[in-house]
């Protein structure tokens, strides 16, 4: 009976948190299209979310493409299919590696920062101070962060798509003497416009979930510095888990 009671409490807690987070997200969406438009807040968040995250995402995607080519080359060499390395790299990077890796980097860096920043504002009553000044805190703090994350996540993923393939191209042509022109032609041949579009859709959805979860955790933190730390940890872990689950579901839908 203890197991069923524990399981029931977990399910109830999950459904309750899911409902609260959904309402939180809908409120943020509502304020995105209401005046006054927080353009300054949006641009500041775009710099924090995108420009400062881009170097890490570029390094991650480039070396992932390099490593993937090495593993793929030796796996296909035994079957005499070295020429298929470029096609496999292009599909893997565009459809899976670039958006997922960018999402994990975004969750670890940006998600933690959002949760910690909003959590600190919550426990120091800065959010309550906004309410006393007749400023909706979700409109002022949350909506710009969610919108900025969606926009910059899409942009970063588009760039990491290219860098992942370029990193694999360098290793494939230099280390394994693959024909550069044939490598390029195979990548162009195998990729379709839908692959690029679907990769951007995945990135936008990942950005939406990461920012919503991180802002929600920070907004609902309590208990001083310890509570902020717990909210930050919950934001990163939950974002990464949800990202992988959503990635699986999107793969079933998009391809």
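Before moving on, here are some points about what is shown:
- Within the option set 149, 157, being over 21 Å from residue 24 (Cβ atoms), buried (at least 24 other Cβ atoms within 10 Å of the Cβ) and touching a helix residue (DSSP H, G or I) at 6+ places or on another chain (Cβ under 6 Å) holds for one residue only, 157.
- Being over 13 Å from the mean Cα position of the chain (by Cα), part of a helix (DSSP H, G or I) and modelled with pLDDT of 90 or more is a property that holds for residue 248.
- Looking only at region 85-109, residues that are more than 18 Å from residue 158 (Cα to Cα), within 12 Å of the chain's Cα centre (by Cα) and buried (at least 19 other Cβ atoms within 10 Å of the Cβ) come to 0 in all.
- Residues within region 66-83 that are assigned to a helix (DSSP H, G or I) and either in contact with a strand residue (DSSP E or B) (Cβ under 6 Å, 6 or more places away or on another chain) or without any contact (Cβ under 8 Å) to a residue 60 or more places away in the chain (or both), tallied: 7
- Residue check, residue 56 in contact with a helix residue (DSSP H, G or I) (Cβ under 8 Å, 6 or more places away or on another chain), free of Cβ contacts under 8 Å to residues at least 60 places away in the same chain and either over 19 Å from residue 182 (Cβ atoms) or buried (at least 21 other Cβ atoms within 10 Å of the Cβ) (or both): yes
- Odd one out for residue 178, checked against (1) closer than 25 Å to residue 142 by Cβ; (2) surrounded by 12 or more Cβ atoms within 10 Å (Cβ to Cβ); (3) touching a helix residue (DSSP H, G or I) at 6+ places or on another chain (Cβ under 9 Å): (1)
- Of everything listed in (1) more than 27 Å from residue 196 (Cα to Cα); (2) at pLDDT 90 or above, the single unmet condition for residue 123 is (2).
The values are calculated or read from the model by the stated rules, or taken from the named source; none is laboratory data. Note that the coordinates shown come from a computational prediction; the quantities given were computed from them, not determined experimentally. Neighbour counts run over all protein chains shown; Cβ positions are idealised from the backbone, glycine included.
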